[in-house]
Amino acid sequence: MAGVPENRSELHWVVVLRAMTRTTGIAFSLYSAFSLYSPLAFGFDVVTPGKRVEFPRDAGAHMGHRVEWWYVTGNLETKRGPMGFQVTFFRFANPQAESNPSRFSPKQLLFAHAALADPSRAKLLADQRSARIVEGVADTSVSDTDVKIDDWSLAREGRGYRTRIAGESFALDLAFEPTQAPMLEGDLGFSRKGPDPAQASYYYSEPHLRVTGRISSQGESLDASGVAWLDHEWSSELLADEAQGWDWLGANLDDGGALMAFRMRGKDGAPIWAGATYRSPNGESKSFGPADVSFAPRRTWKSPRTNASYPVATQVTVGPMKWTIEPLMDDQELDAQSSTGTVYWEGAVRVEGPSPGRGYLELTGYSGRLRF
């Protein structure tokens with residue numbers, strides 16, 4: 001019979017998957033397994049300097065690495081005013097399932113988060129999905145960007161991308177047209193994330209994506225246009241042991257420039273690593289290391305649900321340049337405990353500085369240590 005496990009081993013994995021999904025979320029349940037072993041212990045591909053990032057191949061999945069995500073954030077204009085959105089697909093490799101021959105064995109897992117920030121209603125509408133990879137149902141291509149979970153997708157379409165998200169209280173159908181070349185983060189795509197050189201990822205961004213399409217918000221359908229930012233990152237390392245979480249900013253500047261900046265925070269709140277890339281309007285990019293990047297909170301917002309306090313307004317300094325960041329609205333906290341086991345703040349922001357702009361700010365680890 002279709003869908004019936006063929007043996008007791010398969011039945012075991014079905015029960016385990018259902019139990020994990022019902023309780024703390026698959027990724028959180030697997031955290032202990034992931035964190036006990038180095039990449040080499042399980043045969044993961046390692047991240048090393050000198051790799052040449054190639055397109056379109058590296059826009060696809062890298063199944064030999066432990067963790068990977070495709071992340072699109074953007075600022076929209078609608079007849080009801082400005083809105084923000086984010087769509088993120090995560091892939092996790094689970095090597096403990098490799099030896100199990102069952103087709104139900106969760107060797108590769110997919111998760112997706114999506115949100116729509118609607119200041120006119122002071123609401124953040126959010127939803128999430130999780131699944132093991134099953135061809136045609138929950139799957140990702142290794143040759144180009146094409147990842148889906150049921151009717152949620154992000155895929156190459158023509159020379160750009162398209163995402164379709166059908167959430168319970170909102171829907172997105174948006175196309176993204178590149179206007180600039182990809183921006184390689186760090187050292188030509190090799191991005192350090194901690195004091196140990198092994199704590200690194202391969203990482204590129206596509207800023208200034210032109211957005212067109214439609215959104216549906218609580219039963220109302222609206223035309224939308226704007227600007228978006230795409231990140232694609234893959235790695236086999238977890239956070240440094242002393243890391244609590246991170247702050248990240250991706251900003252499309254009005255003069256055509258682009259800014260990515262992040263810091264990794266320790267358990268005491270002090271930075272343990274930081275980095276940034278600034279692309280000038282003429283297309284020249286410069287990377288900055290920990291000594292040249294800082295985040296200075298200007299105002300915090302306390303969540304009435306989790307009691308976490310987030311520095312939603314901050315000043316970001318990159319070399320001689322300073323930007324002030326203000327949120328489109330304060331409450332943009334996303335509770336993803338039922339999928340990736342995390343709670344974080346993910347918000348559309350306005351940027352003022354050498355050039356104004358719009359972007360997204362991500363704040364993790366403020367409601368507890370971030371654990372993938």
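The values are calculated or read from the model by the stated rules, or taken from the named source; none is laboratory data. Given the structure is predicted, the values throughout are model-derived calculations rather than measurements. No Cβ is skipped: glycine too gets one built from the backbone with ideal geometry, and neighbour counts run over all protein chains shown.
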Is it the case that GLU54 is assigned to a strand (DSSP E or B), among the charged types (D, E, K, R) and either exposed (fewer than 15 other Cβ atoms within 10 Å of the Cβ) or touching a strand residue (DSSP E or B) at 6+ places or on another chain (Cβ under 8 Å) (or both)? no
Return the residue satisfying two criteria in turn: it lies in segment 137-151 and is of a type in the set (A, V, I, L, M, F, W, C) and touching an Asp or Glu at 6+ places or on another chain (Cβ under 9 Å), and of such residues it is nearest to SER205 (Cα to Cα). VAL147
Looking only at segment 290-335, how many residues end up being in contact with a helix residue (DSSP H, G or I) (Cβ under 6 Å, 6 or more places away or on another chain) and buried (at least 17 other Cβ atoms within 10 Å of the Cβ)? 2
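Residues that are among the aliphatic types (A, V, I, L, M) and surrounded by fewer than 21 Cβ atoms within 10 Å (Cβ to Cβ): does segment 244-264 have at least one?
So far as segment 244-264 goes, no, none of its residues is among the aliphatic types (A, V, I, L, M) and surrounded by fewer than 21 Cβ atoms within 10 Å (Cβ to Cβ).
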Pairs with Cβ under 7 Å, 6+ apart, first in segment 296-325 and closer than 17 Å to ARG369 by Cα, second crowded, with 18+ Cβ neighbours inside 10 Å and hydroxyl-bearing (Ser, Thr, Tyr): THR306/SER367; ALA308/TYR366; ALA308/SER367; SER309/TYR366; TYR310/TYR366
Could you please find all residues in segment 265-285 being surrounded by fewer than 21 Cβ atoms within 10 Å (Cβ to Cβ) and part of a strand (DSSP E or B)? GLY266, PRO271, SER285
How about segment 175-199: which of its residues are more than 30 Å from PRO271 (Cα to Cα) and either of a type in the set (Lys, Arg) or part of a strand (DSSP E or B) (or both)? ALA175, PHE176, GLU177
Here is a check on your reading of the model: is GLN218 at pLDDT below 95 and over 19 Å from MET83 (Cβ atoms)? no
State all residues of segment 57-91 that are closer than 21 Å to SER236 by Cβ, of a type in the set (A, V, I, L, M, F, W, C) and either in a strand (DSSP E or B) or in contact with a His (Cβ under 6 Å, 6 or more places away or on another chain) (or both); if no residue qualifies, say none. VAL67, TRP69, TRP70, PHE89, PHE90
Is it the case, given these coordinates, that TYR344 is within 24 Å of SER201 (Cβ to Cβ), out of contact with any His (no Cβ under 9 Å at 6 or more places or on another chain), modelled with pLDDT under 95 and not charged (D, E, K, R)? yes
